[in-house]
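*Asks:* Have a look at this one before I ask anything.
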Amino acid sequence: MTHQSLRRWLACVAVALGVVLTMAAMPGPAHAARQNMAELSITKTAGGPFIRGQFGEWIIQVTNTGEAPTSGDIVLTDPIPAGLTLNGIVIPDGSWNCVGTFTCTRSTPLAPGDTTTLSVTVLIPDDAPPSVTNIATVDGGDAVNVPQDATHTAPIEDPAGPALLSLTKEHSGNFPRGGTGTYVLTVTNAADAGPTLGRVRVTDGLPAGLTVDDVGGSGWECDISAESFECFRSDPLDPGTSYDPITLVVDVAPDAPCSLVNTATVTGGGSGPAEASDPTMLTGGDCNGDGNGDGGGDTLVPITLDGLLPMYNNINITKNENSHGTVTNNRNNFQLTH
């Protein structure tokens, strides 16, 4: 029974039963042919920002969305916008042959569902316009729906300046002699600068009286010696942001000066060097925490000599002579009062 005979028989049955019967149309020859052919789609995106005086990248992807492999050559054309210069074409799967500026041909069949990718790099001039529009076209491959276009408009940006790094170094409270203290160092990139490029390095040669106990921070690699350390990293630091801080723990010598200054330096990343100094006061021994050394030793106590006889002149006073702020006087005159 043919399809048409089946439809007429079902229609008669429907009339006899008093129902309405709706039948979907059967695929015609054109639809059947389409099911057995390749269909191509194309997309074009930017691989990053387009900046004057630098290179920009477009990524082109061609996909077979049909139900059959391509047959014959697939042809991709992409006229480079005026003012831009083609720098190179990268073809990860090596399936395209490209000439000129540019036309690329692929003879290898593209299976249903498969995608092939090309990366196009262009040089952007210093006087480039505010934006550029690029149109790529795919054709051929015995695909049923070609040619197909993909359009991308890329805004052109001015280049950022170099990175501008600053360093802060802080601590809390006074450090005790014979104990430990903690510094926190933070590297920041200025908001109106460019991102860092390459390695950023923080170094710190400790002043006399301090030695490194421990140092580190998330994302930092550190080399340590007793009197200094170096921490470095290479991930870019964007403008207006800071790296995770470096925490430095120091051992304080029992005879360390009552006040000292610790200075660290940040270099690299495309920035000029920057320093941070942190004055630090110590306590313990003859250190009273304000940078002076009069916190220890005995003090002279006045005495009343009223009623004591006899009194001698030229008494030699040596008590407390090693205490900070005192003097030794070998000639002291006393007078009795009644």
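The values are calculated or read from the model by the stated rules, or taken from the named source; none is laboratory data. Keep in mind it's a predicted model, so treat the numbers as computed, not measured. For neighbour counting, all protein chains shown are included, and Cβ atoms are generated from backbone atoms with ideal geometry for every residue, glycine included.
*Asks:* Filter the stretch 176-217 for residues that are of a type in the set (A, V, I, L, M) and surrounded by fewer than 17 Cβ atoms within 10 Å (Cβ to Cβ); which is farthest from residue 277 (Cα to Cα)? Spell out how you get there, then give the answer.
*Replies:* Quick first cut of the stretch 176-217, residues of a type in the set (A, V, I, L, M) only: 184-185, 187, 190-191, 193, 197, 200, 202, 206, 208, 210, 212, 215.
Next, from what is left, pick out any that are surrounded by fewer than 17 Cβ atoms within 10 Å (Cβ to Cβ): 184, 190-191, 197, 208.
Working: 184: 12, 190: 19, 191: 22, 197: 25, 208: 15 Å.
The residue in question is 197.
*Asks:* Here's something else I'd like to know. Exactly one condition in (1) within 18 Å of the chain's Cα centre (by Cα); (2) surrounded by fewer than 19 Cβ atoms within 10 Å (Cβ to Cβ) is false for residue 271; which is it?
*Replies:* If we test residue 271 against (1) within 18 Å of the chain's Cα centre (by Cα); (2) surrounded by fewer than 19 Cβ atoms within 10 Å (Cβ to Cβ), just (2) comes out false.
*Asks:* Inside the stretch 135-171, can you point out the residues that are assigned to a strand (DSSP E or B) and of a type in the set (A, V, I, L, M)?
*Replies:* Looking only at the stretch 135-171, we keep the residues that are assigned to a strand (DSSP E or B), and these are 135-140, 143, 148-157, 165-171.
Within the stretch 135-171, 135, 136, 138, 143, 150, 154, 156, 165, 167 meet the criteria.
Here's the yes/no breakdown for (1) modelled with pLDDT under 95; (2) touching a Cys at 6+ places or on another chain (Cβ under 9 Å); (3) surrounded by fewer than 16 Cβ atoms within 10 Å (Cβ to Cβ); (4) assigned to a loop (DSSP other than H, G, I, E, B):
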residue: 219; (1), (2), (3), (4): no, no, yes, yes
residue: 223; (1), (2), (3), (4): yes, yes, yes, no
residue: 226; (1), (2), (3), (4): yes, no, yes, yes
residue: 231; (1), (2), (3), (4): no, yes, no, no
residue: 235; (1), (2), (3), (4): no, no, yes, yes
residue: 240; (1), (2), (3), (4): no, no, yes, yes
residue: 244; (1), (2), (3), (4): no, no, yes, yes
residue: 249; (1), (2), (3), (4): no, no, yes, no
residue: 256; (1), (2), (3), (4): no, yes, no, yes
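*Asks:* Now for a different question. When the stretch 136-175 is examined, which residues are found to be β-branched (Val, Ile, Thr) and surrounded by 14 or more Cβ atoms within 10 Å (Cβ to Cβ)? Please lay out each step first, then the result.
*Replies:* Taking the stretch 136-175 and keeping what is β-branched (Val, Ile, Thr), we get 137-138, 144, 146, 151, 153, 156, 168.
If the condition is that a residue be β-branched (Val, Ile, Thr) and surrounded by 14 or more Cβ atoms within 10 Å (Cβ to Cβ), then 137, 138, 144, 146, 156, 168 are the ones that fit.
*Asks:* For the condition in the same structural domain as residue 54 (by TED's automatic domain parsing) and touching a Pro at 6+ places or on another chain (Cβ under 7 Å), what is the one hit in 186, 137, 151, 196? Before you say what the answer is, go through the steps one by one.
*Replies:* Values: 186 fails: in the same structural domain as residue 54 (by TED's automatic domain parsing); 151 fails: touching a Pro at 6+ places or on another chain (Cβ under 7 Å); 196 fails: in the same structural domain as residue 54 (by TED's automatic domain parsing).
Being in the same structural domain as residue 54 (by TED's automatic domain parsing) and touching a Pro at 6+ places or on another chain (Cβ under 7 Å) holds for just one of 186, 137, 151, 196, which is 137.
*Asks:* Give the stretch 97-121 a look and list any residue that's part of a loop (DSSP other than H, G, I, E, B), among the polar types (S, T, N, Q) and modelled with pLDDT of 90 or more, or say none. Can you show your working first?
*Replies:* Going residue by residue through the stretch 97-121, those that are part of a loop (DSSP other than H, G, I, E, B) are 100-102, 107-114.
Subsequent filtering for residues that are among the polar types (S, T, N, Q) retains 101, 107-108.
Across the stretch 97-121, the qualifying residues are 107, 108.
*Asks:* Tell me, which residue of the stretch 174-196 that is assigned to a strand (DSSP E or B) and hydroxyl-bearing (Ser, Thr, Tyr) is farthest from residue 220 (Cα to Cα)? Outline the logic, then answer.
*Replies:* Initially, the stretch 174-196 is screened for residues assigned to a strand (DSSP E or B), giving 175-176, 180-189.
Narrowing the set further to residues that are hydroxyl-bearing (Ser, Thr, Tyr) leaves 180, 182-183, 186, 188.
Working: 180: 22, 182: 17, 183: 16, 186: 12, 188: 14 Å.
Filtering the stretch 174-196 for residues that are assigned to a strand (DSSP E or B) and hydroxyl-bearing (Ser, Thr, Tyr), the one farthest from residue 220 (Cα to Cα) comes out as 180.
*Asks:* Continuing with the same structure: Report, by residue number, each residue of the stretch 71-96 that is part of a loop (DSSP other than H, G, I, E, B), touching a Lys or Arg at 6+ places or on another chain (Cβ under 8 Å) and not acidic (Asp, Glu).
*Replies:* 95, 96
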